[in-house]
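The values are calculated or read from the model by the stated rules, or taken from the named source; none is laboratory data. Everything quoted here is computed from the prediction, not taken from an experiment. Here the Cβ positions follow ideal geometry from the backbone for every residue, glycine too, while neighbour counts run over all protein chains shown.
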């Protein structure tokens, strides 16, 4: 019996039934690598841009530091599915999930609108961090409330 090479096993990210936020992004020159397509190292920063837009959409004026804390990434996973080229339009959809005591996930689906195909899936685990006390803090109730409103309305 042939053994599977552990390095060839693909990570699969399951998607939620629906997404509560979406935004468009145009692939920039700085996103393109020497092979003339979107670099693998650019997918996570594009997801992070969507995250910042989502936080702003929740009503926060500063998407990087809010709720008396900063938002830090504890973990990320990317499932690469296809490529994109300079100038192509992407649709990034995201939704919060697994809202715990001190962390939550954002699940993203990135679609290439120009080529009409899925580009990537991303999951990030985020924590609220108190830089004054140098420690992770609980997810603030006001943030939970804003997420609950998003989930109740089913769209931002």
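Observations
- Of the strands (runs of 3 or more DSSP E) entirely within region 48-119, those holding at least 1 residues that are modelled with pLDDT under 95 and either within 15 Å of residue 16 (Cβ to Cβ) or more than 18 Å from the chain's Cα centre (by Cα) (or both) occupy 69-80, 89-97.
- Out of 104, 143, 129, sole residue that is touching a strand residue (DSSP E or B) at 6+ places or on another chain (Cβ under 7 Å) and in contact (Cβ under 8 Å) with a residue 60 or more places away in the chain: 129
- Residues of region 15-37 that are part of a helix (DSSP H, G or I) and farther than 16 Å from residue 122 by Cβ: 29, 30.
- Selection within region 120-156 - part of a helix (DSSP H, G or I) and touching a helix residue (DSSP H, G or I) at 6+ places or on another chain (Cβ under 8 Å): none
- Region 50-84 - residue that is touching a helix residue (DSSP H, G or I) at 6+ places or on another chain (Cβ under 6 Å) and closer than 14 Å to residue 143 by Cα and, of those, surrounded by the fewest Cβ atoms within 10 Å (Cβ to Cβ): 63
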